[in-house]
Amino acid sequence: MLKLIPLLFVLSPIANAVAQETDTSDLSDELNTVNETELKVASQSMEEKSAPRDVNFYFRQCYQNVPPITERSNNLDKSQIPINIDADSLRGLNGEIIYEGDVNAVQGEKSLDSDKMVYNRNTSQANATGNARYVDGQVTLIANEINTNFKTDESSLIQTEFQFHGRGGRGSADRIYDNGQGQYELKSSSYTACPPNDITWSLDASTLHIDKEADMGTAYNAVLRIKDVPVFYFPYISYPLSDARKTGILFPTYEFSSVNGFTYNQPLYINIAPNQDATITPTYMQNRGLLVSTEYRYLFDVGSGTLQFEYLSDDRIRKDDNGDDIGERYLVHFDHDVTFAEDWNFNVDYNKVSDEYYFNDITTEYGSRSDNQLLQTANLSYTKTNWNAELEVRNFQVLNNDEYNTDDDTPHIVLPKLAFSAYQPLHWKSLQFDWYSEITRFEHSDDDIYTGTRIHVEPKLSLPLYYDSLFVNTELKYMLSYYQQDLDNATKYDWYDDLEESTVRYLPSFKINSGVNLERDFSWFGDDYRQTLVPQIQYLYVPFQDQSGIGLYDTTTLQQDYYGLFRDNRFSGYDRIAEADQITLGVSTSFLNDQGRERLRFAIGQNYYFSESRTVLPTDDVDNDDKEVNRSSIVSEIDVNFDNDYFFHGGIEWDSDDNFIQRANTTFEKRWAYNTYAQLSYRYYKEDKDADWDEIVNQVGTKVNWSIDTQWSTFASYYYNVEFQNSYESIIGLKYQSCCWAIGLTYDRHMLSYFGDEASYDEDVETESSVSITFELMGLGGVGNSGYEDGLFDYGRPFYLK
């Protein structure tokens, strides 16, 4: 019943803060211009509603009472900037001037206030006592006694309280020395990044060095206090004053799992250089063992990329297919991308795991439980204005269980592919010439499966014409393919007997597509709208040629949608080119507001066949009845964006001949400000009318991310298998975040990957439950606002209307 819903509508912190290098360089400017209007959320654009709270907004709320940074406005040498001093009285003695009563000394952006000040005119040295207050645009200091030199900016202070400008960072010290270069030494100090009037945590140290330029603090004999209770002693600790990158231990995470037991994750961040860093993360799993992961990131002139390696020496839980211990487990990920010499590009994406259960057992950001294959590819391309060439190698690691899946599901290895494409206007009306060609060598890891070489050439002439609202696009192309196949050991399946060692296929193709762009303006409930209506018709002709002598190397059936109705071929790749003698009818309509933003889009279409296609994949189940198929399924899609608050997407593919729904999907979302939304979705897919149990997807799900207030947020995710009446995934979490600290609690229960048969599904399917805890202290590396937690089903916005 749920699959009819689209039809009804149709008809009617810390690791991220440190490693991601969040930019807060403009924070001071924003602090200087904050007003109440900016802090209100009365009228956000869609972009503001879609995006999570950014770091700058977070700081504006937390540190409204912190003074902004004041940059030097005078480029003169310090010795040339005049000093103005006001006081109730003054007197001179031996080259010194003694000021008393409301003393105020100003030099550029620096000022010094006190009850009494002695100023030496020869050395520019000043000694201030009694309610002394010093401000230099970067920091405010209040002390019993201040000694400062207006020429060198060196200062020393006794019994001092300090507050850095433009960010968190304040405290007190018995004595402070400032070298005038943004470096401070504090004796018997207490430091916190909490806002004024909040001391949730503090770091007390016998000696503390603060480097404003490097944005780092270093403490000796330090004690971490939470609510004035000592909780940890550090002989030595260094930490970033903001979210800057700094080598050190990041905040850990704790998890209690029904499978892994107690899990402790402790990242160590290494800031190698401004363009390189690494994160080493030991993860202790009580029942499984110790997993060590290492991530290395780099940015060089020769390119940027990431290298990730994860290793578990001996898994104590997982068994192999024979019931023995699976032993060591690992993951390797490498990506690299570089553009050089202007026109050249080289990229690599390599992924490999030790076994097909890896993502099922181990949480990693480089894969998920839903992954069934991993890409391993490298590509070198050269691009000019009208042409480009590329060289590619490609392989996949298929994640399956050999008992229920075979090596026939394993793709061929592309080793290599050399492709060339070109485009050239012919300077007659809008006539243009396109060329595509490739030569590809396919290998396979299984000796019982064929291999081969494919040469494909495809020249095309196209003539797009536009007359006011009418458009007519005509294409004529010729597809020539040559295959040289190695069949000596290809004995795995019976259909291999039809393959030919050498075969040539040559097919012309003709397509003409025409439509009309119609528009009308109207008003609805006082708002002005414009409706577009685009009916279009397409004729496609491709003659039939027997292709049973060609193996399947990179070809599969494409999923159908509205725009897929107008494709030239219903298969991917070039191993099968379906014959066609068909007309496609489609109509789409859109409603745009007076600002040109699309609020509603609807499309529906269908193919009509003059002759039934005989080209099929040898792996397809062919229906041998005499029923003639003269039309495709009806495909329809709808998108609605109502006032940037409500969003709806629906799609359906209905086989009108057999009267069954093959595909349906629905997503409805209500969105509020600041990453707050509720989403309900439904997905249905049935491969054919007589599909097996594992060829049917029938699930409903929901995701919620709710900012209760500025400090509390919650998120939840739930996905349910309607077909088997069991839960795929349940996640619920709660997070509290103040300007000073944050804590998160998450409960996760999900179904583990299942490779068995239908009969034993209810009995053998397994689930895992876990509870995880995260804790952060803002200002010791943690910053910003963390959002919802993804599970097997990541959050997606399948809406064309943004």
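The values are calculated or read from the model by the stated rules, or taken from the named source; none is laboratory data. Computed from a predicted model, the values in this text were never measured in an experiment. Neighbour counts are summed over all protein chains in view; Cβ atoms, including those assigned to glycine, are modelled from backbone coordinates with ideal geometry.
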Flag if Tyr269 is under 30 Å from Ser190 (Cβ atoms) and in a strand (DSSP E or B)
yes
Within the range 729-761, restricting to residues that are modelled with pLDDT of 90 or more and of a type in the set (S, T, N, Q), the one that is surrounded by the most Cβ atoms within 10 Å (Cβ to Cβ) is Thr746
From Arg288, Arg318, grab the single residue that is farther than 21 Å from Leu374 by Cβ, in contact with a Lys or Arg (Cβ under 8 Å, 6 or more places away or on another chain) and basic (Lys, Arg).
Arg288
When restricted to Gln547, Gln538, the only residue touching a helix residue (DSSP H, G or I) at 6+ places or on another chain (Cβ under 8 Å) and surrounded by 15 or more Cβ atoms within 10 Å (Cβ to Cβ) is Gln538
For the range 488-526, how many residues meet the condition of being of a type outside the set (A, V, I, L, M, F, W, C), in contact with a Leu (Cβ under 9 Å, 6 or more places away or on another chain) and either in a loop (DSSP other than H, G, I, E, B) or on the phi > 0 side of the Ramachandran plot (or both)?
3
Which of (1) more than 21 Å from the chain's Cα centre (by Cα); (2) surrounded by 16 or more Cβ atoms within 10 Å (Cβ to Cβ); (3) not hydroxyl-bearing (Ser, Thr, Tyr) does Gln679 not meet, given it meets every other one?
(1)
Screening Gly166, Gly180, Gly217 for residues that are at pLDDT below 85, buried (at least 17 other Cβ atoms within 10 Å of the Cβ) and either in a loop (DSSP other than H, G, I, E, B) or hydrophobic (A, V, I, L, M, F, W, C) (or both) leaves only Gly166
Going by the structure shown, is Phe359 modelled with pLDDT of 95 or more and either among the hydrophobic types (A, V, I, L, M, F, W, C) or not in a loop (DSSP other than H, G, I, E, B) (or both)?
no
If I go through the range 410-441 residue by residue, how many of them are more than 33 Å from the chain's Cα centre (by Cα), modelled with pLDDT under 95 and within 21 Å of Asp575 (Cα to Cα)?
0
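For (1) of a type in the set (A, V, I, L, M); (2) more than 26 Å from Asp371 (Cα to Cα); (3) within 22 Å of the chain's Cα centre (by Cα), each residue gets a yes or a no:
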{"residue": "Gly248", "(1), (2), (3)": "no, yes, no"}
{"residue": "Thr283", "(1), (2), (3)": "no, no, no"}
{"residue": "Thr294", "(1), (2), (3)": "no, no, yes"}
{"residue": "Leu299", "(1), (2), (3)": "yes, yes, yes"}
{"residue": "Thr306", "(1), (2), (3)": "no, no, yes"}
{"residue": "Leu312", "(1), (2), (3)": "yes, no, no"}
{"residue": "Glu328", "(1), (2), (3)": "no, no, no"}
{"residue": "Glu342", "(1), (2), (3)": "no, yes, no"}
Within the range 254-267, identify whether any single residue is crowded, with 19+ Cβ neighbours inside 10 Å and over 30 Å from Glu768 (Cβ atoms), and answer yes or no.
no
Residue tally, condition crowded, with 18+ Cβ neighbours inside 10 Å and of a type in the set (Lys, Arg), over the range 568-598
2
Please state which of the following conditions Asp102 fails to meet, knowing it meets all the rest: (1) surrounded by fewer than 16 Cβ atoms within 10 Å (Cβ to Cβ); (2) touching a Ser or Thr at 6+ places or on another chain (Cβ under 8 Å); (3) at pLDDT 85 or above.
(2)
Selection from the range 656-687 of residues that are assigned to a loop (DSSP other than H, G, I, E, B) and hydroxyl-bearing (Ser, Thr, Tyr):
Ser656, Tyr674
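Residue-by-condition table, conditions (1) basic (Lys, Arg); (2) out of contact with any helix residue (DSSP H, G or I) (no Cβ under 9 Å at 6 or more places or on another chain); (3) closer than 19 Å to Ala580 by Cβ; (4) assigned to a strand (DSSP E or B):
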position: Lys429; (1), (2), (3), (4): yes, yes, no, no
position: Thr440; (1), (2), (3), (4): no, yes, no, yes
position: Ile449; (1), (2), (3), (4): no, no, no, no
position: Gly452; (1), (2), (3), (4): no, yes, no, yes
position: Val457; (1), (2), (3), (4): no, yes, no, yes
position: Thr474; (1), (2), (3), (4): no, yes, yes, yes
position: Tyr478; (1), (2), (3), (4): no, yes, yes, yes
Only one of Thr584, Thr619 is at pLDDT 95 or above, of a type outside the set (Gly, Ala, Ser) and out of contact with any Pro (no Cβ under 9 Å at 6 or more places or on another chain); which?
Thr584
Return the only residue of Leu585, Leu558, Leu552, Leu592 being within 39 Å of the chain's Cα centre (by Cα) and within 30 Å of Asn644 (Cα to Cα).
Leu592
Sole residue being among the charged types (D, E, K, R) and surrounded by fewer than 16 Cβ atoms within 10 Å (Cβ to Cβ), chosen from Asp361, Asp434:
Asp434
If the requirement is being modelled with pLDDT of 85 or more and surrounded by fewer than 18 Cβ atoms within 10 Å (Cβ to Cβ), which of these qualifies: Thr152, Thr129?
Thr129
Pairs, please: C-beta under 6 Å, at least 6 apart or cross-chain, first residue within 19 Å of Tyr553 (Cβ to Cβ) and in the range 394-413, second modelled with pLDDT under 90 and assigned to a loop (DSSP other than H, G, I, E, B)?
Phe396/Pro411; Val398/Thr410; Asp407/Asp446
Test: Tyr296 is at pLDDT 90 or above and among the hydroxyl-bearing types (Ser, Thr, Tyr)
yes
Please determine, by comparing only the residues of the range 675-704 that are closer than 19 Å to Leu734 by Cα and either in contact with a helix residue (DSSP H, G or I) (Cβ under 8 Å, 6 or more places away or on another chain) or polar (S, T, N, Q) (or both), which one is modelled with the lowest pLDDT.
Asn675
Are any residues in the range 622-643 of a type in the set (Asp, Glu) and modelled with pLDDT under 90, and if so, which ones?
Asp623, Asp625, Asp626, Glu628, Asp643
